[in-house]
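Taken together, the values in this text are just the output of simple stated rules run on the coordinates, not laboratory data. None of the values given here were measured: they were computed from a predicted structure. No Cβ is skipped: glycine too gets one built from the backbone with ideal geometry, and neighbour counts run over all protein chains shown.
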Amino acid sequence: MEGKLIVIDGLDGSGKTTQINRLEKHFEKAAQNYKTITFPDYNEKSSTLVKMYLKGEIGGLNEVNAYA
């Protein structure tokens, strides 16, 4: 049987992690294999600009060009 792809997207604090945790518990209880991938990985150097933006260190929403 082919696998399924479930994508959960949303703003910070919108409950994505809560929903992922619930799905993981469901899959474990049903003895189904699954893999969870998250992005950005805030432990990686590649997330530096995202973290700075979320902390307000590089300006607010109206000050930062989304295409920069």
> Which aspartates and glutamates have a Cα less than 20 Å from the Cα of K25, not counting those fewer than 8 places away in the same chain?
Replying inline: D9
>> Using DSSP to call loops (not H, G, I, E or B), can you name the GluC sites (Glu not before Pro) in the range 7-60 whose Cβ has at most 14 other Cβ atoms within 10 angstrom?
In response: E44, E57
> Rounded, prolate or oblate: which fits the chain, taking a ≥ b ≥ c as square roots of the Cα gyration tensor eigenvalues, rounded meaning a/c under 1.5, else prolate when a/b beats b/c?
Replying inline: prolate
>> Only four residue types carry charge here, +1 at the Cβ of Lys and Arg and -1 at the Cβ of Asp and Glu. Report the dipole size of the chain about the Cα centre in Debye, rounded to the nearest 20.
In response: 260
>> Compute the helix-to-body angle for 16-29: its Cα long axis versus the longest principal axis of the chain, expressed 0 to 90° and rounded to tens.
In response: 20
>> Please give me, ordered by residue number, the trypsin sites (Lys or Arg not before Pro) of the chain that lie in loop per DSSP and have at most 12 other Cβ atoms within 10 Å.
In response: K4, K35, K55
